[in-house]
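The values are calculated or read from the model by the stated rules, or taken from the named source; none is laboratory data. Everything quoted here is computed from the prediction, not taken from an experiment. Here the Cβ positions follow ideal geometry from the backbone for every residue, glycine too, while neighbour counts run over all protein chains shown. Side chains are part of the model used for accessible areas, which takes the heavy atoms of the whole protein and leaves out ligands, DNA and RNA. Shrake-Rupley method; radii C 1.70, N 1.55, O 1.52, S 1.80 Å.
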Amino acid sequence: MAATKRKILGLIFSDMHDAVISDLTKERTMGSVLFGGRYRLIDFPLSGMVNSGIHEVGVITKSNYQSLLDHLGSGREWDLARKKGGLHLLPPFSHVASGIYRGRLEALYGVWSFIGHSDANYVVLSDCDVIANMDYSKVVEHHISTGADITSVYANDNLSVEQAQSSTVFGLNDEGRIVDVLLNPHISGSCNVSLNTFVLSKEFLKNIVLEAASRSLYRFELSILQARAGDYKIMGYCHDDYFSRITSMYDYYNSNMRLLDGAERKKLFKTNSPIYTKVRDNPPAKFEECSVKNSLIGDGSIIEGTVENCVLFRGVRVKKGAVVKDSILMQDTVIGANCDISCVITDKNVKVSDKRMLTGSKNYPLFLGKGAEI
């Protein structure tokens, strides 16, 4: 990616969409949800910002952020352990009287002292519900060249009714200006769907955040994008590369399964713009008299049974005689001997005893919570 020379501040909302995968966010933010065998969802916007030359990033969160803090640490893995700029975890309490923010505008007001001290000219806002390898510098240059007040990144996607009800859909004119904004509409089919990534100048952001605070407005999409589309110049930027949106557990399951296709993996994981994550000193995966087909296997795993079309995270163990298919097993899951597991998602530290049969479906995968013992 070509790094832009503009001074840019990145802000990532780690838990703006926790409710859509509430099973996985009971004890963590969406940003720290595991994905793809070794990553967390926040790794994708954070790596994209670093690859785009953004070296000052704030991560906004409000609760359950201990695992996120453990994962991010000092930011060393993203080259953000810096004396100037670097990575900052922004806690939930500040100027917001209620303590916990209700929406994007209120969150920005709560951390404005951090934003105000930055010498950035532009601010990139991103959430953790979209998996992509995005060049934010191109979005910023598009924002500047079009003279936009706000630039919103979108992609064309074929939505189901259920997906649309967790989406923001744009209508654009011939010039690429957003002239209509639908929030959680009851529609389906081909749509220009928001990827919840926005670019604004710092000064313009300040104006709308302070005005919103004075009017007790807190929803950016409702009170700014939709209500002021006729007043502000809101331009769309089409992301026509790989992306995957998470609006439900079904989407989460499919987004992981999609990575089993080598061609799809190459679209997301590019040599010139790597996705960084926290590195752990685990031994290589160990395979003992087993059968493994079309699967991603994390470091430190021990496979003694049969694994097909699965995503296994670090430290997973599949014992002798066990058959695991079409499943996602998170860190330190243990599948007992002679089990039959199909279309199952396990959270961390799940233990399944010998000779158990657990079956979900690809449309409704069976979920086992953190630390469950079956």
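Only DSSP H runs of four or more residues enter the estimate; each adds -39500 (n - 2.57), and after division by the residues of the chain the mean residue ellipticity at 222 nm equals -5500 deg cm²/dmol. Computed from Cα atoms, the angle from the helix 249-258 axis to the main principal axis of the chain rounds to 70 degrees. If you take all C-alpha pairs in the range 68-212, what percent of them are over 25 Å apart? For the range 68-212, the fraction of Cα-Cα distances above 25 Å is 38 percent. Applying the Karplus relation 6.51 cos²θ - 1.76 cosθ + 1.60 with θ = phi - 60° to the range 41-47 yields 3J(HN,Hα) values of 4, 5, 4, 6, x, 5, 5 Hz, where x marks Gly and Pro. Here, the range 171-241 is characterised by an Rg to Rh ratio of 0.97, where Rg is the alpha-carbon radius of gyration and Rh the Kirkwood radius. Here's the picture: charge each Lys and Arg Cβ at +1 and each Asp and Glu Cβ at -1 in the range 89-235, and of Leu222, Ser145, Ser167 the one pushed furthest to the positive end of that dipole is Leu222.
If the chain between Asp180 and Arg76 were fully stretched, how many nm would it gain, using 0.36 nm times the residue separation less the Cα-Cα distance? Provide the component values of the computation, followed by the final result.
Numbers: separation 104, 0.36 × 104 = 37.44 nm, distance 4.13 nm.
My answer for the length gained is 33.3 nm.
Please label the shape of the range 292-372 as rounded, prolate or oblate, based on the square roots a ≥ b ≥ c of the eigenvalues of the alpha-carbon gyration tensor (a/c under 1.5 means rounded; beyond that, a/b larger than b/c means prolate, else oblate).
Rounded, since a/c falls under 1.5.
Taking GluC sites (Glu not before Pro) across the range 188-235, none is in a DSSP loop with at most 14 further Cβ atoms lying within 10 angstrom of its Cβ. Hull volume per residue, based on the alpha-carbon atoms of the range 194-302 and their convex hull, is 199 Å³. Hydrodynamic radius of the range 1-53 by the Kirkwood approach over all distinct alpha-carbon pairs: 12.4 Å.
Its Cα gyration tensor gives the range 133-269 an equivalent ellipsoid, and the semi-axes of that ellipsoid, as √(5λ) in whole Å with the largest first, are 27, 18, 14.
Remark: accessible surface ordering of Glu288, Glu264 (largest first) is Glu288, Glu264, probe radius 1.4 Å. Here the accessible area of the chain is 46 percent carbon and sulfur, with a 1.4 angstrom probe and all protein chains present. His88 contributes about 60 Å² of solvent-accessible surface, heavy atoms of the protein only, 1.4 Å probe. Here is the list for the range 66-172: trypsin sites (Lys or Arg not before Pro) lying in DSSP coil, each with at most 11 other C-beta atoms within 10 angstrom of its C-beta, are Lys83, Lys84. For the range 272-320, the equivalent ellipsoid derived from the Cα gyration tensor has semi-axes of 22, 13, 8 Å, listed largest first. Expressed as a whole percent, the proportion of Cα-Cα pairs in the chain lying more than 36 Å apart is 23%. Orientation-averaged projection of the range 19-141 equals 7.9 nm² [convex hull of Cα atoms, one quarter of hull surface area]. Each Cα pair under 8 Å and six or more residues apart adds its separation to the average, and for the chain the resulting relative contact order is 15 percent. Evaluated with a Cβ-only charge set (Lys, Arg +1; Asp, Glu -1), the range 101-235 carries a dipole of roughly 340 debye about its Cα centre, given to the nearest 20.
Using a probe of 1.4 angstrom and keeping all protein chains present, the accessible surface of the range 291-374 works out to 41 square angstrom per residue. Normalising the Debye intensity of the range 239-358 to I(0), with uniform scatterers on Cα atoms only, and taking log10 at q = 0.15, 0.22 Å⁻¹ returns -0.69, -1.30. Total lysine pairs in the range 1-138 at Cα distances under 26 Å, for residues eight or more apart or on different chains: 10.
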